[in-house]
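K.L.:
Just dropping this structure here.
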C-alpha cells in the first residue's frame, strides 16, 4: 500500500521517537551510507543536514512518516492567486454579477509551541489586471491589511484567550472555526493521510481517490487526482519529491483562505506539488485550475464563483532546533 492513514502509524512513530536520538537540525554529518545520498535532480540540488534522513534504496524513495513530528515550528505561507472569472452575489436586496480579473496576494506567519500558537495575516489589496490601476498601486505603494491572533489549546481544543479589537476578534473567530485544519494544511501538524511502506522511483505515479485525497486536500473530498514523481529537489534545505498533478475533485467546508467556505469543485489542468521526503507535509503548490465555488455565512449574501485560477503557495517550514 502506498497510502494509509497516519493514525495507524502512531505506534510506529512512538517507537521511532525512542530510536531517533538526533534532533531535527542536529543530524550528524558522519552518515555516509550511499543509500541515503540524493541523486542529481532536475531542480535545485538537495543539500544540508536533513539529507541524512532521506530513505533511498535502489528500489526508490520512501516518503517517511516514522520520524517524531516536531512540536515547535514557525511557518511562513506566501499565497498568490491569479484569477479570472465571475462572482454572483444574491441577497434580499437583489442579485449582482461582477467580473473579476486580477491577483490576490497574502502572507500568513504561524508559530506553534506545544499548546500555544500565534498567527499573523498580511493581505494585500486585490490587484486588478488593469495597467492604470497597477500604475496607481505602484505609485502609492501596497498597504497591507494586518490581522493577528493568539491561540491556546485546552482539552484538545483551540481557543482565543485575547481576542483584541473588534476586527481582530472577527478574524480570530474565522480562524478558530477551522484552526486545527489550518495547522494541518500549512504544515504545523502532519497530514493525517500519507504514503505507506511502498517506494517510488522517478517516473512512478499514484492515484488519489476519495479518502486518499486527504494527502493533498485536508477537507473531506471526492474525486481523483493523478500524481507522478518527476524529480527530487530541495526547498530551503528540505528534501522533497516534486510531483506533477492533474485531476478533479469536490469538497465542502472551510479550508482554503482564498476560496472561502462552502462547496468547491476544482479541476487541476496542470501543475506541480512538492511533498516532503521526511514528514507528511506539502511544502509548495503551483497549478492552473478551473474552479467553481458557492457559499456564504449565515446572514451574509450567497456568493457563487466560477473561473480560471493560477495558484502558487509556498511554505517556509522552520522547526526550532532546541526541542
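FYI, it's all coordinate maths here, none of it is from the lab. Predicted model only: the values in this text are computed from it and were never measured. Positions of Cβ are generated from backbone atoms using ideal geometry, with glycine treated the same way; all protein chains shown enter the neighbour counts.
K.L.:
Taking other Cβ within 10 Å of each residue's Cβ, how do 119, 313 sort, fewest first?
P.N.:
In order of increasing Cβ crowding within 10 Å: 313, 119.
K.L.:
Post the alpha-carbon centroid distance, region 69-131 to region 197-254, in whole angstrom.
P.N.:
Cα centroid of region 69-131 versus Cα centroid of region 197-254: 23 Å apart.
K.L.:
Can you put 238, 263 in order of Cβ neighbours within 10 angstrom, beginning with the fewest?
P.N.:
So the residues, fewest neighbours to most, are 263, 238.
K.L.:
Taking the beta-carbon count within 10 Å as an exposure proxy, list 251, 240 from fewest neighbours to most.
P.N.:
251, 240
K.L.:
With an 8 Å cut-off on Cα pairs and a minimum separation of 6 or more residues, tell me the relative contact order of region 72-319 in percent.
P.N.:
20
K.L.:
At a Förster distance of 41 Å, what's the computed FRET efficiency of residue 244 paired with residue 49, Cβ-Cβ distance as r, to 0.05?
P.N.:
It comes out at approximately 0.90.
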